[in-house]
Amino acid sequence: MQPRPLEPNEPVVLALVDAVTAWQDALEQTLSASGLTYAKWLLLRAIRRGHFVRGAPLPGAMPIDVPQSELLLHELRRDGWIEYAEAIAPRISDTAASRLERASQALSALHSVSVAPFSPQERVALGSLLERMKIRLNDHTTRQIRVGGEAARQDKLATAGGASTQAGMPASVVPCTGLPPVAHRPASCPTLASARF
């Protein structure tokens, strides 16, 4: 059974968006006090941990592609955060090590402030609820991509079917509309099981 769609002003969703926005603003403010952006912080952290490979994209929560990483490396070097010794790989400059540590402590403090209102049990419950929400959203996105692809395919078939009807094919064949699986499916539209083989 499909859940009933909620209104766009669903209080839980609005509260979640507001909380994420507030956290993002606090994160950007915390990093900007050190002269950093989130992307620069991620790159510095990867360099410090030895996870950065020059010429390769940096995966993670906010992926950084090669052109962007090269631009960020240039800016970080200009600002004294990194240096290149004899190797091609960048490293944290000696003069920036203490600045980087202070930025790291400021982010740890931000994380502490973020969860301070919650008890340990509430933190576990909130983490579990958000994980369930993330899984559901990922499933929804996958379904939407699949339905969109199926609809595009059906549009092509319908367009081709219209041309065939004009060429003398019977008009009684009803093209599949690309409706979701729970909707009525015309006999001319194959099921997922039959289309698979």
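Provide the three semi-axes, in whole Å and in decreasing order, of the ellipsoid equivalent to the range 34-117 as defined by the square roots of 5 times the Cα gyration tensor eigenvalues.
23, 16, 10
Ranked highest first by the average count of other Cβ atoms within 10 Å around their residues, in what order do 134-146, 100-112 fall?
With the highest mean Cβ count within 10 Å placed first, the list reads 100-112, 134-146.
Determine, for T37, T159, the number of other Cβ atoms within 10 Å of each Cβ, and report the residues in order from fewest to most.
Final ranking by Cβ density, sparse to dense: T159, T37.
Between the alpha-carbon centers of the range 105-120 and the range 50-80, tell me the distance in whole angstrom.
Between the Cα centre of the range 105-120 and that of the range 50-80, the gap is 28 Å.
A short reminder: the numbers here are calculations on the coordinates, not readings from a lab. Computed from a prediction, not measured in an experiment: that's the story for all the values here. All Cβ positions, even for glycine, are placed from backbone atoms using ideal geometry, and neighbour counts span all protein chains on display.
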